[in-house]
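The values are calculated or read from the model by the stated rules, or taken from the named source; none is laboratory data. Note that this is a predicted model, so its numbers are computed, not measured. So basically every Cβ, Gly included, is an ideal-geometry build from the backbone, and we count neighbours across all protein chains shown. Protein only, heavy atoms only, side chains kept; ligands, DNA and RNA dropped before computing areas. Shrake-Rupley method; radii C 1.70, N 1.55, O 1.52, S 1.80 Å.
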Amino acid sequence: MKFSTLTRHIREGFKSILRNGWMSFASITSIFISLLILGVFILLALNMNAMASQIESQVQIRVFLETDVAEDVVADLQKQVGNIPEVSKLIYVSKEEGLAQLRDRMGEDNSDWLEGYNNENNPLPITFTVEVFEPKLVKSVADQIHSIAGTYETSPVADVKYGQGIVETLFKVTDAIRNAGYIVVAALSITAVLLISNTIRMTIVARQREISIMKMVGATNSFIRWPFFVEGALIGVITSVLTTAIVLIGYDQIINAFQYELSFLTMQLLPVKEVMALTSLTMIILGSFIGIWGSVMSVRKYLKV
Amino acid sequence: MIEMHDIWKTYADGTSALNGVSVKIDRNEFVYLVGPSGAGKSTFMKLIYREEIPTKGEIFVNGFNIGKLKQRKIPYVRRNIGVIFQDFRLLPKLTIYENVAFAMEAIEAPRKVIKKRTMEVLELVGLKHKHKSFPSQLSGGEQQRVSIARAIVNNPAVIVADEPTGNLDPDTSLDIMNLLEEINFRGTTIVMATHNKEIVNSMRKRVIAIEHGNIVRDEQRGEYGYEI
C-alpha cells in the first residue's frame, strides 16, 4: 500500500466518524456505558480484594507459655519459632505487657476485675504474638510450633491459639468475596464485548449498501476495510481513554470526599495510584480491542459481494 | 471488446435467465439492450461486470475470461468497466467530489491527478459548481450525471448502463443520453439496457432484443420494436 493511500484511509476513518454522526454517537455511548460499569466494578473488586487481604493479615497466632518456664528456654523457643520460614514477625509479650494490654481491653467499667493484681502476683503467662507471611498458613505454622514444643522435655507451651474454627470461616468468606469480584468483572467484560460489537455491527449493516457500491467501482477488499478499521480503532481508543479518565477522577473525588467519614472503619480505600495501572490497562485494551474487532468482523461479512 | 459464447445462466432457485446467448460487441459500439421485464437483460449486464458468473459458456470482456476470474482479480477488471444504475447508487455520506474521486482513490492514483481528473469529469457532466454538495441535495438527473462521472473517471473501455433513464423525466433523460453519446464518441463502448422507446427510436444505434433468455433480434440502427 502506498503511503498516500494509508493517509487517505486514516483521513476517511476520521471523516466517517463525523459524517455518520448518530451511528458514531451510538457506538461511543455503548462503549462508554459498558466500560463505565466495568470500571466501577474493577475498582470495587480491587478494593474488596484489598479489604479481604487486610482482614486476613490481622490473623495472628498467639502462643501461651507455661507460667514457670526458665528464661533460657523462653529465649530458645522464641528463636526457634522465629526461625520458621513462614513467620514474618514475632512479638514477645512479657507478663507485665500482657497485664497492661488486658487492662486496656477490659476498659474503665470492668477495671475492678483486675484490681489487686500487680506485677508481683501477675497470673498471666508470657505470650508470643506470631504473624505469618501468608495468612492461610496459620494452621500449619501453629502445628509447627506445637511440634517444636514437643521437642522439649516438658513442653514450655501451654496453648497455641489462632482462632481455630473462626479463621477457616473467615477465609471462606474472603475467598468468596474475591471470587465474586473476579466473576462479576469477567461477566461484565463479556457483556461489554457483546453489547459493543453488536452496536458496531448495526452501524455497519446500515452501510452494507455502501460497501457493495465500493466493490462495484473496483475497490479491493483491503481498500474498503481500512477506513472501517481506522474508524473502529479510533472510536475504541478515544472512548476507552475518556471513560478510564472519568472513572479514575471520580474515584479520586470519592476518596477525598469520604476520607474522614470513612476513617472510623479500619479499612481504607485504595489510593488512585495503586489502582490506576490495572484499571486503565484493562479498560483501554478491552475498549480498543472491541472497537477494532467489531468493525473488522462486521465488514468482513459484507465483503463477499 | 465483449464476446459471449453460448452463455447459459440458471440461478440457484432454478430460474433460467439466459439460454445459450452468443454475441459480439466491438470497441466503440453503442448498443441498446431491449426486451420485456424478466427477459434476461439485467443478467446479461451483470455477467459483463462480473456480479454473476455464467452457468455454462464463456464470456470475454476486454480480453479477460470473466467466468474464470479469481476472486482477488475481480476489482481490477471492474476498474475497466464503468457501471451506471437506474437508482444511481452514490455513497450518501460522501460529497459529489468525493463520490467521483473514490473510484480513483481505489486505483491508488496520486492525489493531484485525482483532483485534476475529478474536476475535469465533473465539468464534463456539468456539475463542477456542485462538487461540495451531497447526493441528497441533488435532483435525480444530477445524481445520474454524478454516477456517470464516476463511471468514466478512470477512462474505462466499457460502460454498462442498466436503465439509466428509468427514474428520470423525458427532458432529463435526453440530457443523460447526450452525455452518454458524447462519452461513446470519445471512444468508450456502451451497453445500455432500456425500456425507453422514444430514445431508442430517435437516437438510432445497434439494438439487441432479448426474450426468454434468447437474442431474438440484433439490428444495426434498429428500432425499439415493442408497444408499451
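Proximity of backbone amide H atoms, modeled 1.01 Å from N, is registered between B:Ile210 and B:Val34, B:Gly35, B:Val216 at under 5 Å, excluding neighbours fewer than 5 places apart on the same chain.
Which value, to two decimals, describes the C-alpha radius of gyration of region A:195-292 once divided by 2.2 N^0.38 Å? It would help to have the intermediate numbers written out before the result.
Working: Rg = 20.6 Å, N = 98, 2.2 N^0.38 = 12.6 Å.
Rounded to two decimals, the normalised Rg is 1.64.
Each principal axis of the Cα cloud of region B:120-214 was evaluated for its coordinate range; sorted largest first, these ranges are 44, 27, 24 Å. Counting, for every residue in B:145-153, the Cβ atoms of other protein chains within 10 Å of its Cβ and taking the mean gives 1. How much FRET efficiency would the formula 1/(1 + (r/R0)^6) give for B:Val113 and B:Lys197, where r is the Cβ-Cβ distance and R0 is 51 Å, rounded to 0.05? Calculated value: 0.80. With the biggest extent put first, the Cα atoms of chain A measure 102, 43, 32 Å across the principal axes. For region A:60-161, the per residue solvent-accessible surface stands at 61 Å², with DNA, RNA and ligands left out and a 1.4 Å probe. Value of Rg to Rh for the protein assembly as shown, rounded to two decimals, is 1.35; Kirkwood radius and Rg both from alpha-carbon coordinates.
Cα centroid separation, region A:7-63 to region A:137-179: 40 Å.
Compute the projected area of the convex hull of the Cα atoms of region A:60-161, averaged over all viewing directions, and report it in nm² to one decimal place.
Working: hull surface 27.7 nm².
Its average projected convex-hull area is 6.9 nm².
Projected onto planes of every orientation and averaged, the convex hull of the alpha-carbon atoms in chain B covers 12.4 nm².
Placing +1 on the Cβ of every Lys and Arg and -1 on the Cβ of every Asp and Glu, with no other charges, gives region A:48-171 a dipole of roughly 500 debye about its Cα centre. A dipole drawn for the protein assembly as shown from +1 and -1 charges on Cβ atoms has a positive end, and of A:Gln144, A:Val59, B:Phe44 the residue lying farthest that way is B:Phe44. Burial of accessible area (probe 1.4 Å, heavy atoms of protein chains only) in region A:185-216, relative to its chain alone, reaches at least 40 Å² for A:Arg209, A:Glu210, A:Ile213, A:Met214, A:Met216. In summary, region A:1-138 shows an alpha-carbon radius of gyration equal to 2.21 times the 2.2 N^0.38 Å reference for compact globular proteins.
Rg and Dmax of region A:130-205, both derived from C-alpha coordinates alone, stand at 24.3, 84 Å.
So if I place +1 on the C-beta of Lys and Arg and -1 on the C-beta of Asp and Glu, and nothing else carries charge, what would the dipole magnitude of chain B be about its Cα centre? I want it in debye, nearest 20. Numbers along the way, then the final one.
On the way: 32 positive and 28 negative charges, 239 e Å.
It works out to roughly 1160 debye.
Give me the net charge of B:Lys24's neighbourhood, meaning all other residues with Cβ under 12 Å from the Cβ of B:Lys24; Lys, Arg count +1, Asp, Glu -1. Around B:Lys24, the charge tally is -2.
Towards the positive end of the charge dipole of the protein assembly as shown, with charges on Cβ (+1 Lys, Arg; -1 Asp, Glu), say which of A:Tyr162, A:Leu188, A:Asn221 has the farthest Cα. Comparing the listed Cα positions along the dipole, A:Asn221 ranks first. Each Cα pair under 8 Å and six or more residues apart adds its separation to the average, and for region A:60-161 the resulting relative contact order is 51 percent. Of the two radii for region B:39-141, the radius of gyration is 1.03 times the Kirkwood radius, both from the alpha carbons; that is the Rg over Rh value. Charged side chains reduced to their Cβ positions (Lys and Arg at +1, Asp and Glu at -1) give chain A a dipole of some 4140 debye around its Cα centre. Evaluating kT/(6 pi eta Rh) at 25 °C and 0.890 mPa s, with the Kirkwood radius of region A:91-151 over Cα pairs in the Stokes-Einstein relation, gives 178 µm² s⁻¹.
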